[in-house]
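A quick write-up on the structure given underneath.
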């Protein structure tokens, strides 16, 4: 658990550094990694507003717990800020997947790496 928390925190810091060095205002959510009430980071630049839940997971499939996913969707609906799941695997670039393309399963919402790579945005698309 501690190792995955550290890996997740490192991924969040990587994104914070990327966006902040490109002129974005970035906020890391309080309780990030502990609760699932809001995205991990919020990113703003001249009318662009993003909520990003960062995931650094090596598996071929990414599954988001139903409660966390529904909280992100609710947060997106209430705030009007588009939320993405930012997914990175070792030696692979970040992919930002909109919530709408995840497939609903019994207990989770999921997507595989191939679909995420094809349907998601690359980090450069936000710069």
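The values are calculated or read from the model by the stated rules, or taken from the named source; none is laboratory data. Everything quoted here is computed from the prediction, not taken from an experiment. Here Cβ is always computed from backbone atoms with ideal geometry, including for glycine, and neighbour counts include all displayed protein chains.
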* Considering only residues of the stretch 1-29 that are in a loop (DSSP other than H, G, I, E, B) and loosely packed, with under 11 Cβ neighbours inside 10 Å, which is modelled with the lowest pLDDT? -> 1
* Could you give every pair whose Cβ atoms fall below 7 Å, whose first residue belongs to the stretch 11-37 and is over 16 Å from residue 55 (Cα atoms), and whose second residue is at pLDDT below 95 and in a loop (DSSP other than H, G, I, E, B), counting only separations of at least 6 or pairs across chains? -> 22/127
* Any idea which of 91, 46, 66 is more than 13 Å from the chain's Cα centre (by Cα) and surrounded by 12 or more Cβ atoms within 10 Å (Cβ to Cβ)? -> 66
* To do: Keeping to the stretch 116-127, report how many residues are surrounded by 13 or more Cβ atoms within 10 Å (Cβ to Cβ), out of contact with any helix residue (DSSP H, G or I) (no Cβ under 7 Å at 6 or more places or on another chain) and outside any strand (DSSP E or B).
  => 4
* **Evaluation of residue 38 against (1) buried (at least 18 other Cβ atoms within 10 Å of the Cβ); (2) modelled with pLDDT of 95 or more; (3) closer than 24 Å to residue 127 by Cα; (4) in contact with a helix residue (DSSP H, G or I) (Cβ under 7 Å, 6 or more places away or on another chain) (one fails), failing number** => (2)
